[in-house]
Amino acid sequence: MAVLQQVQDDAVAALKAGDRDRAGALRLIVSELQKAEKEGAADEVAVLQRERKRRVEAAEAYEQAGRTDLAATERREVELIDPYLPAQLEDAELGTLVEQAVSETGASSVKDMGQVMSAVMPRVAGRADGKRVSAVVRERLPQ
């Protein structure tokens, strides 16, 4: 788990630099990665994406509740997680992958969306959010 070691090293560096907030957030990420490793989930990217998604949702909930201070904390943690994730696909690249999947599956309407999603998701593995892929697929398929 190379990512785990990198996050641990960054947490130690943050502690040495006196940045307690950053160190605390990184320690939480280390904890989740170690927990996943013990459970046999070898996909670090999936763990990081899950943690990122949790924090984005929490930030949105805090914003709706008027707690901008807590929302800002969650957004800072998202910014800490992002460098450990693979680079996200550009819209053009994602569109090309979706077009290929549509032609391969022979999808002709939104009813075939499941087939297209099944073909696209393994190709984007960690480089695009499912919601984003779904939106592009809906855009490409006729009603």
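The values are calculated or read from the model by the stated rules, or taken from the named source; none is laboratory data. If you're wondering where the values come from, they're calculated on a predicted model, not measured in any experiment. Every residue, glycine as well, gets a Cβ built from its backbone with ideal geometry; the counts of neighbours run over all protein chains shown.
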(message) Looking for something free of Cβ contacts under 8 Å to residues at least 24 places away in the same chain, within 20 Å of Arg127 (Cα to Cα) and surrounded by fewer than 16 Cβ atoms within 10 Å (Cβ to Cβ) - is there at least one such residue anywhere in region 29-41?
(response) yes
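Matching residues to (1) of a type in the set (S, T, N, Q); (2) at positive phi; (3) assigned by TED's automatic domain parsing to the domain that holds Arg132:
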| position | (1), (2), (3) |
| --- | --- |
| Gly18 | no, yes, no |
| Asp21 | no, no, no |
| Gly24 | no, no, no |
| Arg27 | no, no, no |
| Glu32 | no, no, no |
| Lys35 | no, no, no |
| Gln49 | yes, no, no |
| Arg54 | no, no, no |
| Arg67 | no, no, no |
Considering residues that are in contact (Cβ under 8 Å) with a residue 24 or more places away in the chain and either surrounded by 17 or more Cβ atoms within 10 Å (Cβ to Cβ) or β-branched (Val, Ile, Thr) (or both), the number found within region 74-100 is 9
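Which ranges mark the helices (runs of 4 or more DSSP H) fully within region 45-143 that have 2 or more residues being touching a Phe, Trp or Tyr at 6+ places or on another chain (Cβ under 6 Å) and modelled with pLDDT of 90 or more?
Where helices (runs of 4 or more DSSP H) fall fully within region 45-143 and carry at least 2 residues being touching a Phe, Trp or Tyr at 6+ places or on another chain (Cβ under 6 Å) and modelled with pLDDT of 90 or more, they are 68-81.
Residues checked against (1) under 30 Å from Gln5 (Cβ atoms); (2) without any contact (Cβ under 8 Å) to a residue 12 or more places away in the chain; (3) touching a strand residue (DSSP E or B) at 6+ places or on another chain (Cβ under 8 Å):
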{"site": "Gln64", "(1), (2), (3)": "no, yes, no"}
{"site": "Arg127", "(1), (2), (3)": "yes, no, no"}
{"site": "Lys131", "(1), (2), (3)": "no, yes, no"}
{"site": "Ala135", "(1), (2), (3)": "no, yes, no"}
{"site": "Leu141", "(1), (2), (3)": "no, no, no"}
Those residues of region 42-60 which are surrounded by fewer than 15 Cβ atoms within 10 Å (Cβ to Cβ) and among the acidic types (Asp, Glu) amount to Asp43, Glu57, Glu60
Scanning region 1-22 residue by residue, the ones that are of a type in the set (A, V, I, L, M) and crowded, with 18+ Cβ neighbours inside 10 Å total 4
